[in-house]
1. Quick one: compute the contact order of the chain, relative version, from alpha carbon pairs under 8 angstrom and 6+ residues apart, as a percent.
2. State the three equivalent ellipsoid semi-axes of the chain, derived from the C-alpha gyration tensor as the square roots of 5 times its eigenvalues, in descending order and whole Å.
3. Neighbour counts of other C-beta atoms within 10 Å: give me Tyr14, Tyr59 arranged from fewest to most.
4. With θ set to phi - 60°, apply the Karplus curve 6.51 cos²θ - 1.76 cosθ + 1.60 along the range 15-23 and write out the HN-Hα couplings as whole Hz, x wherever there is a Gly or Pro.
5. List the cysteines of the chain that have no other Cys Cβ closer than 4.7 Å: which are they?
6. Give me Lys54, Lys38 sorted ascending by neighbouring Cβ count inside 10 Å, so fewest comes first.
7. Run lengths n ≥ 4 of DSSP H only: what is the helix-derived mean residue ellipticity at 222 nm for the chain, with -39500 (n - 2.57) per run over all residues, to the nearest 500?
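Values quoted throughout were computed directly from the atomic coordinates according to the rules given, and no laboratory measurement underlies them. This one's a predicted model, so the numbers in the text were calculated from it and none came from an experiment. Note that we place each Cβ from the backbone using ideal geometry, even for glycine, and neighbour counts take in every protein chain shown.
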Amino acid sequence: MRILVLIAIGLLLYVIIGRLLRASRPSSPKAITEKMVKCKHCGLHVLEQEAIQKGDNHYCSTEHLEADS
Ligand SMILES: [Zn+2]
């Protein structure tokens, strides 16, 4: 019956280690979602941080910003 004890211990360790890993892991490591915005001129989707913003509008490049204004 020793094998059953070993299995029980193994399962217990598995559960404990699983909980420890879950606890140490941040709930949402990528909380900062990369928001996509649409270029008003050509409709291309670009990252908000890379887009050129003018008022409420976003552009993929300075060329499109100038072309639209
Ligand atoms: Zn564009």
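1. Here the relative contact order equals 20 percent.
2. 56, 10, 6
3. Tyr14, Tyr59
4. 5, 5, 5, x, 5, 4, 5, 5, 5
5. That list is Cys42.
6. Result, fewest neighbours first: Lys54, Lys38.
7. Dividing the helical sum by the residues of the chain leaves -14000 deg cm²/dmol.
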